[in-house]
Amino acid sequence: MTAAAAGAGATAETVFTFDATPIVFGDGCFDEVDFQVARLGVTRALLVCDPHVAASGLAGRLAAALAARGITSEVYDQIAGEPSEESARAAIAAAQGGGFDGFVGVGGGSALDTAKLCALFATHGGELLDYVNKPIGQGRQVPGPVLPLIAVPTTSGTGSEVTSVIVLDFPRLGLKTGISHRYLRPRVAVVDPLLSLSCPRGVTAAAGLDALAHALEAFTARPYGARLHSTPEERPPYQGAGPLTDALAARAIELVGRSLRRAVSEGSDLDARRDMALAATSAGIAFGNAGVHVPHALAYPIASLKHAWSPPGYPGGAAFVPHGLAVAVTSPATYRRLQSASPERCREAARLLDGSDDLATAFARLMAAVGAPATLGELGYEESDLPALIEGALKQQRLLTMAPWDVTAADLEAIVRASL
């Protein structure tokens, strides 16, 4: 809601905050993770990763480096796909029962988000739905800082290494939602582009489109000054676009436009991998402060309602819609609608992305170039699924309120129809 829409006497926001995780970036910086763990005073760490990261030897390598510093550790690698209610409960039980005083997440967004859950519940306890966003959960505030967490991404997309967000799938409810609080930001992000060199083509494409979506939605979000004034205690993590988030988002858009195609087609291109690692982290900081909006709100039900499509290029052959593809598939239609609400922003973003002046077309062109599905129909959705998709998106008000126009159910229906 804008200050004008709130009626007489409303006061527009004049203040924004900008939170950012300290970042260690560069080729080979994975070898500094043990130093960062020790620096934070951790004596017993849980290393959270997926089976592929464990099999690669990274977890064992880190455990040995920690042991050399006198820090004990255990590896938790039972992460299958994106975090779900079931997998979250299992990880929380492991975190609460091991006497850990610090956590290291190594992997894609699933591992990093699971590590955040471990840090949260090992510190404060409670039930999973206590902290999940309303109306799905109770939306309780995290009561205080959590145990130290270091985030080490091996993909370039989610930006989870620098955000305050945990995304969870609730299959029994048919939607995704999340937990968001500034205390959930990792204490340190260690971003080593070398770790992404083995990332499969399909994963690289989906993650890269997610990074682009984060940057574009932060860049086109409602300005922070369009919110109503709030006290410091009430100020939300997502505050709207501002000068600092604009600068990071713009740079991320430019980097993705320059390098995602090469990172997908030539995975060993280290320059492209560096660009994408920097883009993902920059976009993560941007959207972690400014917020995301319509494509992400729609992505949650898109990724959760049906598990009938197996993404090519993903190991294991599981049926699911990767988050980046779920976000991307409605982005062109969203930006066609948004161009009337925020034309200058959309034109500027298109110029940054590929030198054109039509953001919807530029986004669709990049999707095609990296082999992403262009329609919801390709993911198994039909017109009969529209009501459930719209209902699921409407529950994501934390995101929809960041759009630069007041989004209605009719807007969402038009966007979804155009994306079938």
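The values are calculated or read from the model by the stated rules, or taken from the named source; none is laboratory data. Predicted model only: the values in this text are computed from it and were never measured. Here the Cβ positions follow ideal geometry from the backbone for every residue, glycine too, while neighbour counts run over all protein chains shown.
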Tally the residues that are more than 23 Å from P237 (Cβ to Cβ) and not in a helix (DSSP H, G or I), restricting the search to the range 372-420.
-> 10
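Please tell me if I79 is among the β-branched types (V, I, T), under 30 Å from P200 (Cα atoms), within 18 Å of the chain's Cα centre (by Cα) and at pLDDT below 90. First the steps, then the outcome.
On the way: among the β-branched types (V, I, T): yes; under 30 Å from P200 (Cα atoms): yes; within 18 Å of the chain's Cα centre (by Cα): yes; at pLDDT below 90: yes.
It is true that I79 is among the β-branched types (V, I, T), under 30 Å from P200 (Cα atoms), within 18 Å of the chain's Cα centre (by Cα) and at pLDDT below 90.
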Within the range 39-79, restricting to residues that are polar (S, T, N, Q) and not in a strand (DSSP E or B), the one that is farthest from V190 (Cα to Cα) is Q78
Would a scan of the range 282-297 turn up a residue that is hydrophobic (A, V, I, L, M, F, W, C), closer than 24 Å to G377 by Cβ and part of a helix (DSSP H, G or I)?
-> yes
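Among the residues of the range 233-243, are any in a helix (DSSP H, G or I) and not acidic (D, E)? If you could, list the steps in order and put the result at the bottom.
Taking the range 233-243 as the starting set, the residues that turn out to be in a helix (DSSP H, G or I) are 243.
From the residues that got through so far, the ones that are not acidic (D, E) too are 243.
Among the residues of the range 233-243, at least one is in a helix (DSSP H, G or I) and not acidic (D, E), which makes the answer yes.
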For Q36, work out the one condition from (1) farther than 30 Å from P171 by Cβ; (2) not in a helix (DSSP H, G or I) it doesn't fulfil.
-> (2)
Given (1) part of a loop (DSSP other than H, G, I, E, B); (2) closer than 18 Å to L175 by Cα; (3) touching a residue at least 12 places away in the same chain (Cβ under 8 Å), where does G139 come up short, assuming only one miss?
-> (3)
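Quick one: would you say S110 is modelled with pLDDT under 95, in contact with a Ser or Thr (Cβ under 9 Å, 6 or more places away or on another chain) and of a type in the set (S, T, N, Q)?
Taking the combined requirement at face value, the residue satisfies it.
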Does A221 count as in contact with a His (Cβ under 7 Å, 6 or more places away or on another chain), in contact (Cβ under 8 Å) with a residue 60 or more places away in the chain, of a type in the set (A, V, I, L, M, F, W, C) and not assigned by TED's automatic domain parsing to the domain that holds S160?
-> yes
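Here is a list: L197, L149, L184, L173. Which entry is over 20 Å from R251 (Cα atoms) and modelled with pLDDT under 90?
Details: L197 fails: modelled with pLDDT under 90; L149 fails: modelled with pLDDT under 90; L184 fails: modelled with pLDDT under 90.
Just one listed residue meets the conditions, L173.
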